[in-house]
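Following: one structure in structure tokens, then a few remarks.
Since every read-out is calculated from the coordinates, none of them should be taken as a lab result. The model shown is predicted, which means the values in this text are computed figures rather than measured ones. For neighbour counting, all protein chains shown are included, and Cβ atoms are generated from backbone atoms with ideal geometry for every residue, glycine included.
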Amino acid sequence: MAGLAGIIFDIDGTLVDSKLNFTLIRSEMKLSPGKPILEALEQMPAEEAQRCQQILARHEEQGARQAVPFPGVDEFLADLRQRGIRIAAVTRNRQKLGQEMLARWSGLFEVILGRENGPIKPDPWSILSICQQWGVEPRRVVFLGDYLFDMQAGRNAGTPTVFFSRGRPRGSLSGEELADYVLDSFLDLDLFWQWLAKSL
């Protein structure tokens, strides 16, 4: 594990649970089920996009206010700091809301990037940007997230990828097949550390 320089996290659904209801958001926007929301906004006429952006902003702001960390995250982040492993976060949410959701860990995250900072996941820009700031190769940085776009972004950037299942049944989770490792809980990390020791 001497080669591990840092871990970059997704935020919502990975570190915290904001209980965002994407099905409800799509319904209010009149989008088809499963359609990526941000990509759909880019294709809408200006007036419709403005209406939908207001819907999204309302839900995202509520989600940020009610976000709570998943069990074990506090201890895991403290452990990373003690080990000298650098951490950062990237989100398809707005940067300000990402910062709000991570406020309880103020000072731990060196970089927090949101959708207004550059191309969004699955584009690897945010991950590569952080690696460049840190002066390390992507292969020495783990990307950890809970969704397909996270795994695609990590793959596209050339980082090892960890999929956080949140204990959901494996086999049907969007993105797990692209992961180098699947983490079920932050409360049981022995196998995760063993995997890191062998992989980096």
> Lys pairs in the chain, Cα-Cα under 29 Å, at least 8 apart or on separate chains: how many?
Replying inline: 10
> Using only the Cα atoms of the stretch 22-66, what do you get for the radius of gyration and for Dmax, in Å?
Replying inline: 10.2, 32
>> Positive end of the dipole of the chain, charges at C-beta (+1 Lys, Arg; -1 Asp, Glu), about the Cα centre: which of MET29, PRO160, ILE130 has its Cα farthest in that direction?
In response: ILE130
> Which whole number in µm²/s is D for the stretch 124-200 by Stokes-Einstein, with the Kirkwood Rh taken over Cα pairs at 37 °C and 0.692 mPa s?
Replying inline: 258 µm²/s
>> With bins 5 Å wide starting at 0, give me the P(r) of the stretch 156-200 over every alpha carbon pair, in whole percents.
In response: 5, 21, 30, 23, 17, 4
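Rounded, prolate or oblate for the stretch 44-191? Axes are the square roots of the Cα gyration tensor eigenvalues, ordered a ≥ b ≥ c, and the cut-off for rounded is a/c under 1.5. List each step's numbers first, then the result.
Values: a/c = 1.39, a/b = 1.37, b/c = 1.01.
Judged from the Cα gyration tensor, the stretch 44-191 comes out rounded (a/c under 1.5).
Quote the relative contact order of the chain in percent (integer), defining contacts as alpha-carbon pairs under 8 Å separated by 6+ residues. Spell out each step's value before the answer.
Values: 330 pairs, mean separation 48.2, N = 200.
Once divided by the residue count of the chain, the mean separation gives 24 percent.
What is the fewest-to-most order of SER126, SER18 by other Cβ atoms lying within 10 Å of their Cβ? Could you put the intermediate results ahead of the total?
Values: SER126 26, SER18 20.
Fewest-to-most Cβ neighbours within 10 Å comes out as SER18, SER126.
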>> Given Cβ point charges of +1 (Lys, Arg) and -1 (Asp, Glu) and nothing else, what value in debye, to the nearest 20, does the dipole of the chain about its Cα centre take?
In response: 100 debye
